[in-house]
Amino acid sequence: MGTNNKLEELAISLYNIDAVKFGEFMTKIGIKTPVYFDLRVIVSYPDVMDLISVLLYEYALKDKKCDHVCGVPYTALPIATLISVKTKTSMLMRRKEAKSYGTKKVIEGHYKQGDSCLIIEDVVTSGSSVLETVTDLRKEGLKAEEVIVILDREQGGKQNLAVNNVQMKSLFTMTELIDILVKNNKITEESGKDVINYLKNVQAPQSAPEFERILLPYEKRAEFATNSIAKQLFTIMATKKTNLCLSVDLTSSTKILDLLEKVGEHVCLVKTHIDIIEDFTNDFIVRLKQLAQTFNFLILEDRKYADIGNTVSLQYSKGLYQVGEWADCVTAHSLPGEGLLKALNNSNNGLSRGVFLLAEMSSEGNLITKDYTETTVKMAAKYPEIITGFVCQKKETFKDPGLIQLTPGVQLESSKDELGQVYNTPEKVILENGADVVVVGRGIVAAKSPVSEAIIYKDTLWRCYMKRVSGKME
Ligand code: 5BU
């Protein structure tokens, strides 16, 4: 029997054993739905189980090698077992409840770091169950980049998974399953259309586990970036192997330039407060740009724009500093609303430019609330071409892997200054709080030997990042 015939046979069997039902049903959360799936019943039908495992094998495993297979608990567990036995491929088992016990292993079985694991699932709606399994596997250092499913409900799961670097293949899409059932007179064309329309209108929200973004390496994140500065910065970090942003909070232009001569090779980004320099001239900008080119770093002017669009546009492109001419990116508050982002977007003179929007601050007692942070992130989503990322303190603040988390308030020891600045350690901000680029000011510029201190920061921060993307977080 050819694969297509087998698929047809499976579709009809699923219908006959009531694993898929059409009519009017209520979902768990009280919404009416014209279609209902319960693939848990397949365990009572060995022929159906057999057919599913043969088809999954032909689709996903025949021409491919993977070190392990892992079923998403619970429905897919017996299917994964059959495939494992049939193909003599090792199986891993993910515990769903281990988290609450704390110490128990989440992934059972024998494996090595870097081993590849194919995930198996029955039905995908939003993809969130698959992502939970992916995340647990990646935490153990396993490569989890492919999933094979029986049915894709076509409600956004495939896209959600792709954003998280997981490719999904399915035996059927919902449309294909319905076509087969209509063709075989199991359901009418009309109820088939109803179902397709219903599914189109009820798309799953974009969802990803909160730590997904931070498990991806910078070179991969560059592929997701929509702002050209974010793309460049991810690429610089990956090639120079540094995620250190030096905040050159010095008031003499010669001191800044002298320091950058020596530490330029160790940083990905240099952050300025141009209005604190006492001997500012245009020559300073010329030299700064030369150094940026020689050492391949970007420049962030930490101007924290916070006015109406028209004023911001003037502040950005006119006046003594003409920031838009030389700074690759700037910081801005979301407080005045979208006009400010429109202004910055329209004032770039055709140059590649970016904005880090302030979603949180590091200082004690700042007035930013959770609501404010969430609204800021939503506002940024409307301007993907200009937003480089967020200045923020927590990994939960945003999910988009193409945006950069810039985190200030970092020193080797956690402490505070006398004016409310709060310092966390590199370990904490990178491994726990999700920082992508770490801003260090006085930790380096006020050190006895700023150059050797910069190297210590660079090495420590990079080590933490490597630990994070290797998946070994504990
Ligand atoms: P420090 O010397 O490492 O404390 O300098 C931190 C820099 O980051 C300094 O230039 C601040 O203006 C900047 N910063 C900050 O510390 N906290 C924030 O929340 C934001 C910016 Br936004």
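The values are calculated or read from the model by the stated rules, or taken from the named source; none is laboratory data. Here the structure is a predicted model, which is why all the values come from computation and not from measurement. We place every Cβ from the backbone using ideal geometry, glycine too, and count neighbours over all the protein chains shown. These area figures cover heavy atoms from the full protein model, side chains too; ligands, DNA and RNA do not enter into them. Shrake-Rupley method; radii C 1.70, N 1.55, O 1.52, S 1.80 Å.
A compact table of results
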{"item": "Radius of gyration, Dmax [region 337-377; alpha carbons; angstrom]", "result": "13.1, 39"}
{"item": "Region 309-382-region 401-474 distance, computed between alpha-carbon centres (Å)", "result": "23 Å"}
{"item": "Region 82-88 - phi-based ³J(HN,Hα) in whole Hz, Karplus 6.51/-1.76/1.60, Gly and Pro as x", "result": "4, 5, 4, 5, 4, 9, 6"}
{"item": "Rg and Dmax of region 322-414, Cα atoms only, in Å", "result": "13.5, 43"}
{"item": "Relative contact order of region 81-183, defined on C-alpha pairs under 8 angstrom at six or more residues apart (%)", "result": "21 percent"}
{"item": "Using alpha-carbon coordinates, inclination of helix 282-295 to the longest axis of the chain, degrees", "result": "40 degrees"}
{"item": "Nitroxide proxy distance, nm - points 7 Å out along Cα→Cβ at residue 65 and residue 276", "result": "5.6 nm"}
{"item": "Carbon plus sulfur fraction of accessible area for the chain, probe 1.4 Å, in percent", "result": "51 percent"}
{"item": "Between helix 450-469 and the chain: long-axis angle, C-alpha atoms, 0 to 90°, nearest 10", "result": "10 degrees"}
{"item": "Residue 173 paired with residue 190, simple spin-label distance in nm, labels 7 Å along Cα-to-beta-carbon", "result": "2.6 nm"}
{"item": "Counting DSSP beta bridges with both ends in the chain, the antiparallel % (nearest 5)", "result": "15 percent"}
{"item": "Computed log₁₀ I(q)/I(0) - Debye formula, equal Cα scatterers, no solvent, region 363-474, q 0.11, 0.16 Å⁻¹", "result": "-0.40, -0.82"}
{"item": "Two-site FRET efficiency, residue 105 against residue 364, from Cβ-Cβ distance with R₀ of 25 Å, rounded to 0.05", "result": "0.05"}
{"item": "Average projected area [Cα convex hull, region 1-158], square nanometres", "result": "10.4 nm²"}
{"item": "Kirkwood hydrodynamic radius of the chain, Cα pairs, Å", "result": "25.0 Å"}
{"item": "The chain: relative contact order as a whole-number percent, Cα under 8 Å and 6+ apart", "result": "11 percent"}
{"item": "Links that overshoot a 20 Å alpha carbon limit, given the list 271/304; 96/467; 86/183; 169/382; 112/241; 378/428", "result": "96/467; 86/183; 169/382; 112/241; 378/428"}
{"item": "All-pairs Cα distance distribution in region 268-379, expressed in whole percent, bin size 5 Å", "result": "2, 11, 21, 22, 19, 14, 8, 3, 0"}
{"item": "Cα centroid separation - region 47-70 against region 148-183, whole Å", "result": "16 Å"}
{"item": "Region 213-469 - Rg (one decimal) and Dmax (whole number), Cα, Å", "result": "16.8, 45"}
{"item": "GluC sites (Glu not before Pro) lying in DSSP loop within region 301-393, provided at most 13 other Cβ fall within 10 Å", "result": "364, 385"}
